[in-house]
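Down below is the structure, laid out as structure tokens.
Every number in this text was worked out from the coordinates using simple rules, so none of it is lab data. All figures in this text were calculated on a predicted structure; none of them were measured in a lab. Heads up, the Cβs are rebuilt from the backbone with ideal geometry, glycines too, and the neighbour counts pull from every protein chain shown.
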Amino acid sequence: RTVYVNGLYLPEEEAKVSVFDRGFLMADGVYEVTSVLGGKLIDFAGHARRLARSLAELEMKNPLTEDELLAIHRELVARNDLVDGMIYLQITRGATDRDFLFPENAEPTVVLFTQSKPGLADNPTAKVGIKVISIPDIRWGRRDIKTVQLLYPSMGKMMARKAGADDAWMVEDGEVTEGTSNNAYIVKGGKIITRHLGNEILHGITRSAVLRFAREAQMEVEERPFTVDEAKAADEAFITSASAFVMPVVQIDGVSLGAGTPGPVALRLREIYLDEMR
Ligand code: PDD
């Protein structure tokens, strides 16, 4: 694989980042994951916009223009013959002597690499759906910033795995915030319900596109919090993310939703999303 590090395209074995990098020492960095289908970047502009916002919220300088970023994404797709998969991008505040204060003149560290996932859009899991468990949301209060602090989401996925499930929905004050790496939705009486935007959740790029397509298709959307009990009593549920697109959820804490199979709204939105974005 060829990866990108600070202006250079290198074989992955030769790519290096300092041990003093603040991303490594303090999780002082942000990231984006953009899907690639048939060699085409999915919603690149959305990811570039959110990246700029995450950087600004952390007072980190944006080292690349959107055009430069796009060129790097395309170059990596070409150099790695990437057909279906993901591009991971990470920007950290850079390497300086360890200090809690932000350094004044550190140069950001920019890393991008590809991950091949052949047949990503035909993921067979979409036909059976996933099972989720609920866990407390104990993350920090700025989940709208896409930082590389992913320890709790990793622990959440491990808890799900141990419980025989696929993922976890995080719960705060009785209400579902989001999945460990995706936004969460329920459907009741044909209405799509998902938490409103705020500091409590990541503003998903897939979420934004899916809600737009849903409204265009005359589906009713309500952006508000929902409880775990409400979710368990829903007709269906699903998640969205750049890598999962729209993925049906068929079980919450062992309780099957509807017929225990992927619901029609989730399947229809998945189809619309993939048709529109590819
Ligand atoms: N995760 N919520 C969280 C906590 C996320 O980490 C993600 C993305 C999303 C969905 O956002 P988007 O639709 O823009 O991908 C919501 C990425 C895919 C990841 O960590 O791999």
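From the helices alone, meaning DSSP H stretches of at least four residues, give me the mean residue ellipticity at 222 nm for the chain, per-run term -39500 (n - 2.57), in deg cm²/dmol to the nearest 500.
-8500 deg cm²/dmol
Give, in nm to one decimal, the length gained when the segment between Leu101 and Glu172 is fully stretched (0.36 nm per residue of separation minus the Cα-Cα distance).
This chain segment gains 22.5 nm when fully extended.
Measuring from a point 7 Å past the Cα of Thr261 along Cα-to-C-beta, which residues in segment 239-253 have an amide N at less than 20 Å?
Those under the cut-off are 239, 246-252.
To the nearest 20 debye, what is the magnitude of the charge dipole of the chain about its Cα centre, counting +1 on the Cβ of each Lys and Arg and -1 on the Cβ of each Asp and Glu?
Around 420 debye, computed over the chain.
Can you check what the net charge comes to around Thr114, using other residues whose Cβ is under 15 Å from the Cβ of Thr114 (Lys, Arg +1; Asp, Glu -1)?
Cβ neighbours under 15 Å give a net charge of 0.
Tell me, what is the percent relative contact order of segment 125-277, built from C-alpha pairs under 8 Å that lie six or more residues apart?
26 percent
Please rank Met247, Met60, Met219, fewest neighbouring Cβ atoms within 10 Å first, as an exposure proxy.
Going from least to most buried by this count: Met219, Met60, Met247.
Once each part is reduced to its C-alpha centroid, what is the distance from segment 177-231 to segment 15-63 in angstrom?
Rounded to whole Å, the Cα centres lie 24 Å apart.
Would you mind computing the Rg to Rh ratio of the chain from its alpha-carbon coordinates, Kirkwood style for Rh?
Ratio of gyration radius to Kirkwood radius: 0.97.
Mark the label point 7 Å from the Cα of Val148 along Cα→Cβ and return the residues of segment 40-64 whose backbone N is within less than 15 Å of it.
Answer for segment 40-64: 55, 60-61, 63.
Give the Kirkwood hydrodynamic radius (Å, one decimal) of segment 125-277, defined as one over the mean of 1/r across all pairs of different Cα atoms.
15.1 Å
If I stretch the segment between Arg53 and Glu271 completely, what's the gain in nm (0.36 nm per residue apart, minus their alpha carbon distance), one decimal?
75.5 nm
Using Cα pairs closer than 8 Å and at least 6 residues apart in sequence, work out the relative contact order for the chain, in percent.
18 percent
Would you mind listing how long segment 114-205 runs along its three principal axes, going by Cα atoms, in whole Å with the largest first?
Reported extents, whole Å, longest axis first: 37, 36, 29.
Could you go through segment 230-238 in sequence order and give the Karplus-derived ³J(HN,Hα) for each residue, using 6.51 cos²θ - 1.76 cosθ + 1.60 with θ = phi - 60°, rounded to whole Hz, and x for Gly and Pro?
These are the phi-based 3J(HN,Hα) values: 5, 5, 5, 9, 6, 6, 7, 8, 7 Hz.
Local charge sum around Leu197 (other residues, Cβ-Cβ under 10 Å, Lys/Arg +1, Asp/Glu -1)?
-1
Rounding to the nearest 20 debye, state how big the charge dipole of segment 84-216 is about its Cα centre with +1 on each Lys and Arg Cβ and -1 on each Asp and Glu Cβ.
The calculation lands at about 520 debye.
With label points built 7 Å along Cα→Cβ from the Cα atoms of Lys127 and Leu197, find their separation and express it in nm.
Modelled inter-label distance: 3.6 nm.
Using only the alpha carbon atoms of segment 1-137, find the Kirkwood hydrodynamic radius as the inverse mean reciprocal pair distance, in angstroms to one decimal.
One decimal place: 16.4 Å for the Kirkwood radius.
From the phi angles alone, apply the Karplus equation (6.51, -1.76, 1.60; θ = phi - 60°) to segment 95-112 and give each ³J(HN,Hα) in whole Hz, x where the residue is Gly or Pro.
So the Karplus estimates, Gly and Pro as x, are 10, 8, 4, 4, 7, 5, 5, 5, x, 7, 10, 7, 8, x, 9, 10, 10, 9 Hz.
Take the Cα gyration tensor of segment 202-248, multiply each eigenvalue by 5, square-root it, and list the three semi-axes largest first, rounded to whole angstrom.
19, 14, 11
Arg142: net charge of surrounding residues, Cβ under 15 Å, Lys/Arg +1, Asp/Glu -1, itself excluded?
That sum, taken over residues with Cβ under 15 Å, equals -3.
With the contact rule set at Cα under 8 Å and sequence spacing of 6 or more, what percent relative contact order holds for segment 2-120?
Relative contact order for segment 2-120 comes out at 36 percent.
Over the Cα atoms of segment 83-130, Rg to Rh with Kirkwood Rh, two decimal places?
1.30
Could you please rank Lys61, Lys162, Lys157, placing first whichever residue has the fewest other Cβ atoms within 10 Å of its Cβ?
Lys162, Lys61, Lys157
Enumerate the calculated ³J(HN,Hα) couplings along segment 126-134 in order (Karplus 6.51 cos²θ - 1.76 cosθ + 1.60, θ = phi - 60°), each rounded to whole Hz, writing x wherever the residue is Gly or Pro.
4, 7, 10, x, 10, 9, 10, 10, 9
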